[in-house]
Amino acid sequence: MQKATNELIEANEQLKNMDKTKDEFLYTVTHELRTPITSIRAMSEIVHDNTDMPEEQRQHFLAGVIRETERLSHLITQVLNLEKYESGRQKLNITSVQLNTLIKDAIQSVNPLANEKHIVIQTKIPNTVFLVQCDADLIMQVFNNLLSNAIKFSPENESVTVSVYSNYDEIQIWVQDKGRGIEKGLSELIFDKFFQANNQTLRKPEGSGLGLAICKKIIDLHEGNIWVESEINKGAKFVFTLPLNR
């Protein structure tokens with residue numbers, strides 16, 4: 001009888017925790033979606049209420065609506081991907097990948113964003129051809145997210161650096177920027193998808209969104225690690241590792 005009672009109590013606690021997790025996730029998602037929705041509404045109302053607006057200005061606001069709509073779509077995709085990774089439905093497609101080529105492709109994909117701010121993406125990669133066992137599409141997603149963030153938070157006319165180092169059992173990749181940096185107290189919290197919900201008095205650096213939580217989940221799936229080293233006004237260095245012997 002006591003065993004059955006304990007099992008019921010345990011099951012009830014699990015249900016409570018599941019409800020709390022769901023509420024925290026919904027809070028985080030609504031927080032992330034609110035900004036682009038607010039921007040879209042504001043710009044649409046300006047165009048609607050000013051019928052005599054010059055065409056150049058109208059195009060400016062309409063371009064803003066398109067940009068924020070794309071951002072909204074991206075956020076929704078991130079939410080769906082994060083749920084897929086955490087539910088265990090995401091199966092890794094492990095192949096032997098040339099890391100050098102993957103980095104080159106990732107840099108090429110974000111170069112238009114870098115060019116807008118006149119930012120140069122530098123690389124410090126040994127001539128050795130690094131072969132890693134990984135899911136190329138998912139690791140490309142990690143690179144795109146970290147590089148996009150580095151560009152976003154870097155001042156104009158600066159540089160972002162991608163470096164690769166090999167230890168005896170792992171590859172270590174650094175993505176460094178020269179932006180404002182991240183407060184030390186937030187170095188671990190920024191990878192938490194519930195950070196905004198659990199810390200009402202603190203805020204993630206603007207724009208970090210759910211992308212870092214997704215990066216962490218992808219690296220966890222690969223049995224690697226990811227972290228950030230940063231100081232205010234000294235930029236940020238995001239580091240992740242991939243095992244050499246899977």
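The values are calculated or read from the model by the stated rules, or taken from the named source; none is laboratory data. Just so it is clear, the structure is predicted and the values come from calculations on it, not from any experiment. Ideal geometry is used to build each Cβ from the backbone, glycine not excepted, and the neighbour counts take in all protein chains shown.
At pLDDT below 85 and either part of a helix (DSSP H, G or I) or assigned by TED's automatic domain parsing to the domain that holds T161 (or both): is that true of S44 in this structure?
no
For segment 214-221, indicate whether the set of residues that are at pLDDT 75 or above and more than 24 Å from V160 (Cβ to Cβ) is non-empty.
Yes, there is a match, as at least one residue in segment 214-221 is at pLDDT 75 or above and more than 24 Å from V160 (Cβ to Cβ).
Got a sec? Which strands (runs of 3 or more DSSP E) wholly within segment 124-195 have at least 1 residues that are among the small types (G, A, S)?
Because the criterion is at least 1 residues that are among the small types (G, A, S), the strands (runs of 3 or more DSSP E) in segment 124-195 that meet it are 159-166.
So how many residues does segment 165-199 have that are among the charged types (D, E, K, R), within 19 Å of H222 (Cβ to Cβ) and modelled with pLDDT of 80 or more?
Final tally of qualifying residues: 2.
Consider L113 carefully, then state whether it is hydrophobic (A, V, I, L, M, F, W, C), modelled with pLDDT under 90 and part of a helix (DSSP H, G or I).
When the stated conditions are applied, L113 passes them.
Run F238 past the list (1) over 22 Å from K178 (Cβ atoms); (2) modelled with pLDDT of 90 or more and report the number of the one that doesn't hold.
Result: F238 passes all but (1).
Does L80 satisfy the criteria of being in contact with a Leu (Cβ under 7 Å, 6 or more places away or on another chain), closer than 30 Å to D135 by Cα and at pLDDT below 80?
no
Can you tell me which residue among S154, S109, S159 is of a type in the set (G, A, S) and touching a helix residue (DSSP H, G or I) at 6+ places or on another chain (Cβ under 7 Å)?
One residue alone meets the criteria, S109.
Among the residues of segment 110-134 satisfying the criterion of being within 21 Å of the chain's Cα centre (by Cα) and free of Cβ contacts under 8 Å to residues at least 12 places away in the same chain, which is nearest to T95 (Cα to Cα)?
Once the filter is applied, the top-ranked residue is N111.
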